[in-house]
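The values are calculated or read from the model by the stated rules, or taken from the named source; none is laboratory data. This one's a predicted model, so the numbers in the text were calculated from it and none came from an experiment. Every residue, glycine as well, gets a Cβ built from its backbone with ideal geometry; the counts of neighbours run over all protein chains shown.
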Amino acid sequence: MHQFPSFTTENQPPMSWQKQLANAVNDIAELYALLELPLPKNCHQPKKFPLKVPHAFIKKMQKGNPKDPLLLQVLPDVAELMMVAGYSSDPLAENNHNPTKGLLHKYKNRVLITTTGACAVHCRYCFRQHFDYGANLPSQQEMLEIANYIQADSQINEVLLSGGDPLNLNNRRLSAWIETLSGLSNINTIRIHTRLPVVVPDRVDDELLQLFESCHKKIVMVLHINHPNEIDQALADKCTALKQAGITLLNQTVLLKNINDDIATLCHLSWRLFDVGVLPYYLHVLDKVAGASHFDLPIERAVELYWGMLENLSGYLVPKLVQELPNKPYKTPVDIYQYGLLKSVND
Ligand SMILES: *Cc1c(COP(=O)(O)O)cnc(C)c1O
């Protein structure tokens, strides 16, 4: 087992997860003071999609390191302001697949619900950072319309709760979704895509675990972890509890320049995930969203890294390298022979 950095705060009463969310840092000067770093020149304070990072995540960052891989995921860099050709506000053309408010139906057997626009953390590479949640948040009435839509299509057997982050909802609102969807006979699996257990582990409270345990559908949770430093003992404990509640735990990662674009980091991430009972699911090539071009890597480099993972990892710890191409009915596997031909021929 790996050693985890500990991050319990001694002599302080525990703060509710709601309070931790409300107390997220949104001032860059405050963040840099906490990290004992001088304010860098390359940052800005955006009004739309501002800095947002909870203290529990800041505690996993290395003090005094301006290139900390967790810090770089949340730091609004002036590079965001550049208009770069090929990077758009709706890179996945999701607006074309919006049959009813709050629902995305792009793939045959599964639909995605944007349950909330809110997240606990603002990841600067987020592909939905320009998404119009205001126009897409389903009300109570629209929840029933979504349920009707799903029930009317017998090919649908899985529902994804996404957002925003569905665990940003309180347990009452989340259980309303889970109860409604559990009532649909064609649904086998409810999948929750979330970063909350990573950035505010206390979100996984007993009430949530009970809600999951009492659900008679299969529940899959896809975490979103990009770097091994995000995995500490608090997260490990919550993963254990989630597994005890019968949940399948998977992880997806986005390949990010200067954050996880080396073979050693990607391999360590897979090993750490396995330590805490999570299997790597997807390794995503960055979606070309406006404001995130500074995180992008040439596809050839992505493929080179992937060959390195294949060489160093057990097969079940190698995530699928995929790319979201607009209007495709699946996430497209990257053709590693096309881009990695030299490498594979030379080996
Ligand atoms: C990613 C995604 C899914 C889930 O795809 P999987 O390949 O099953 O993980 C479903 N719907 C939408 C709109 C998606 O973007």
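Across the stretch 34-91, the number of residues qualifying as assigned to a loop (DSSP other than H, G, I, E, B), farther than 17 Å from V254 by Cβ and hydrophobic (A, V, I, L, M, F, W, C) comes to 9.
Of all residues in the stretch 276-299, at least one satisfies being within 16 Å of the ligand (Cβ to nearest atom), farther than 26 Å from K106 by Cα and crowded, with 21+ Cβ neighbours inside 10 Å. If the condition is being surrounded by fewer than 23 Cβ atoms within 10 Å (Cβ to Cβ) and away from the ligand (no atom under 12 Å from the Cβ), then the stretch 103-118 contributes T116, G117, A118. Among the residues of the stretch 138-152, is any free of Cβ contacts under 8 Å to residues at least 40 places away in the same chain, within 14 Å of the ligand (Cβ to nearest atom), within 23 Å of N168 (Cβ to Cβ) and in contact with a Ser or Thr (Cβ under 9 Å, 6 or more places away or on another chain)? No, the stretch 138-152 contains no residue that is free of Cβ contacts under 8 Å to residues at least 40 places away in the same chain, within 14 Å of the ligand (Cβ to nearest atom), within 23 Å of N168 (Cβ to Cβ) and in contact with a Ser or Thr (Cβ under 9 Å, 6 or more places away or on another chain). Output yes when any residue across the stretch 173-190 is under 30 Å from W271 (Cα atoms) and either buried (at least 21 other Cβ atoms within 10 Å of the Cβ) or touching a His at 6+ places or on another chain (Cβ under 7 Å) (or both), and no when none is. The answer is yes, given that some residue of the stretch 173-190 is under 30 Å from W271 (Cα atoms) and either buried (at least 21 other Cβ atoms within 10 Å of the Cβ) or touching a His at 6+ places or on another chain (Cβ under 7 Å) (or both).
Of all residues in the stretch 77-94, those that are farther than 28 Å from N26 by Cβ and either within 13 Å of the ligand (Cβ to nearest atom) or touching a Pro at 6+ places or on another chain (Cβ under 8 Å) (or both) total 1.
None of H55, H122, H105 is modelled with pLDDT of 95 or more and under 30 Å from D153 (Cα atoms) except H105.
Restricting attention to the stretch 311-325, which residues are over 16 Å from the mean Cα position of the chain (by Cα), surrounded by 15 or more Cβ atoms within 10 Å (Cβ to Cβ) and of a type outside the set (S, T, N, Q)? Scanning the stretch 311-325 gives L313, L317, V318. In the set (1) assigned to a strand (DSSP E or B); (2) more than 20 Å from R124 (Cβ to Cβ); (3) not acidic (D, E), Y282 fails one condition alone, (2). Here S162 meets each of (1) without any contact (Cβ under 8 Å) to a residue 60 or more places away in the chain; (2) more than 22 Å from the chain's Cα centre (by Cα) with one exception, condition (2). Among the residues of the stretch 178-197, the one identified as within 16 Å of the ligand (Cβ to nearest atom) and assigned to a helix (DSSP H, G or I) is L181. Considering (1) loosely packed, with under 14 Cβ neighbours inside 10 Å; (2) over 16 Å from P46 (Cα atoms); (3) touching a residue at least 60 places away in the same chain (Cβ under 8 Å), the lone condition that P91 does not fulfil carries the number (1). For the stretch 117-158, the candidate set comprises residues that are among the aliphatic types (A, V, I, L, M) and in a loop (DSSP other than H, G, I, E, B); within that set, the residue that is farthest from L70 (Cα to Cα) is A152. Are any of the residues in the stretch 232-247 within 20 Å of the chain's Cα centre (by Cα), part of a loop (DSSP other than H, G, I, E, B) and either of a type outside the set (K, R) or away from the ligand (no atom under 16 Å from the Cβ) (or both)? Yes; the residues of the stretch 232-247 include at least one that is within 20 Å of the chain's Cα centre (by Cα), part of a loop (DSSP other than H, G, I, E, B) and either of a type outside the set (K, R) or away from the ligand (no atom under 16 Å from the Cβ) (or both). Which of the following residues is acidic (D, E) and closer than 15 Å to T115 by Cβ: D165, D232, D153, D237? So the residue among D165, D232, D153, D237 that is acidic (D, E) and closer than 15 Å to T115 by Cβ is D165. Looking at the structure I just gave you, is Y330 assigned to a strand (DSSP E or B), hydroxyl-bearing (S, T, Y), within 15 Å of the ligand (Cβ to nearest atom) and at pLDDT 95 or above? Taking the combined requirement at face value, the residue does not satisfy it.
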